[in-house]
1. Cα-Cα pairs above 13 Å in the range 135-196: how many percent?
2. Just name one of V86, Y97, V110: the one whose Cα is farthest towards the positive end of the charge dipole of the range 77-147 (beta-carbon charges, Lys/Arg +1, Asp/Glu -1).
3. Subtracting the Cα-Cα distance from 0.36 nm times the residue separation, let me have the gained length for T185 to D215 in nm, one decimal.
4. Sort 400-411, 349-360, 229-240 by packing, meaning the average of other beta carbons within 10 Å per residue, with the highest value first.
5. Starting from the Cα-Cα distance between Y348 and K174, subtract it from 0.36 nm times their residue separation and give me the gain in nm to one decimal.
6. With the Cα gyration tensor of the range 297-424 in hand, convert its eigenvalues to equivalent ellipsoid semi-axes via √(5λ) and list them largest first in whole Å.
7. Report the convex hull volume per residue for the range 137-257, counting only C-alpha atoms, in Å³.
8. What do you get for Rg/Rh over the range 77-147 if you use C-alpha atoms and the Kirkwood form of Rh?
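Just so you know, all these numbers are worked out from the coordinates, no wet-lab data involved. What you are looking at is a predicted structure, and each value in this text was computed from that prediction instead of being measured. Using ideal geometry, Cβ is built from the backbone for each residue, glycine included, and neighbour counts are taken over all protein chains shown.
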Amino acid sequence: MEIKKSSDDKENSEDNLNEKIVKKNVSEIEREKSEPEMAKEIEEGSDSENNDMDIAEENEINIMEEFLNAQDNISQKLHNNEPVYVKVVAMDSDYVYVDIGEKNEGAVPVKDFEGFKLPNIGTKIIAVLEKKERGNNNAILSYRKAKEIVTLRWLENAYKEKQRVKGRISQQIKGGYIVSINGVTAFMPLSLSEFGGAPRHYLPLNAKVKFYLIDFEPKNKKIIVSRRAVLEEDEKARRERVLAQSREGDYTRVVVSKIIDSGIFVRYQGIEGFIRLEDVDWKDPKKELLNHKRGERLKVKILSIDREKQKINFGIKQTKPNPIDILKRRYPVRSSVKAKVIEVADNYAKAHIAEDVYGIIDEEDYSYEGAPVKDSVIDAAVVGVNTETYELKLSIKKFEQIENRKRIEQYSKQTPKITLGQLLKDSEKK
């Protein structure tokens, strides 16, 4: 059975309409990330793991209507090896039969739908002519080849416009992965699958991944994709967003990634940060450093942000009260304390006051009677705090001076006051 041709006038009219539809179809593919209505049919007919294309629904509907209104053009499009949008009218175990216009039917092999859901009667699929009908034999159309043509057009546009594409890991091979994009295969090297490359396969089969096309030569069957480019782009955007939202003085949480002698490397929402040794602890940062481990979550304070270098400095000790301030409030200057002398050196003595509270007495602050005796309990006055050692500065001499002054004041209060009248009476008696 031969495909019928229209008259010249009708053919010219159909050619104009057909050209309009084809141009619109191509322009939509070039303008949008997604395919037109043919790509939608691919997506809807595929297995769930092959749903890789985003579709612009409004454009699909508009173009689909033109396809439906131009069924007479199917004959011309078939001869031009253009994918056509056809309606399923029947099916058997070997073929899916579709209406190709002019009361003719085409046959699409059922095997073309392997891995995809078979269409229902009345639905529309895309197809491209593979063999013309001869005699009583139907024209043979290919669903898989039409799908590949549309996908390659879409991929070419994505490659030119540097748009992201989604695919499925269909195979793990030496040195990388085979990625399926609606039946079109691409290669993703291990070096382009992860940040900094990957020594082995980490992505499981059928995993959906987003990537950029970095090499596109469909004629040579060479399509290379990079997931790493997507990850790096997302990481950069995430860094910029985090830096824009972060403020010096904010409190947050970080994860320890590495510990070295000079401090702690941490990760903060995709950004590398550092805690300097002096910001680990107020009193003994070296000792406190040993208490932390990789993977630990820490509460920290943002100390400084370098947005140009995308670096942040954090502090642990700044999340806790400064022991100096605590000592100053608890032991104000001129207050007195009792302390046990635990060490007597050439020019100073050290005393224990309370738990984790110690004091230093310089030689010039000893008692007028001389140096204190080890293990003796003394009274001393607080004269300050050593901000480096977190020890109180004590003075026995100052304590004695304060006590003497108190006794004088007390004595002065107790001594009776002598008036002028009493002095005159005493002189008259004499």
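1. Cα-Cα pairs of the range 135-196 separated by over 13 Å account for 70 percent.
2. Comparing the listed Cα positions along the dipole, V86 ranks first.
3. Value of the extension gain: 9.5 nm.
4. Peptide ranking by packing, descending: 349-360, 229-240, 400-411.
5. Taking Y348 through K174 to full extension adds about 55.3 nm, to one decimal.
6. Taking √(5λ) for each Cα gyration eigenvalue gives 45, 22, 11 Å.
7. Measuring per residue, one finds 157 Å³ for the Cα hull of the range 137-257.
8. Across the range 77-147, the Cα-based Rg/Rh ratio is 0.92.
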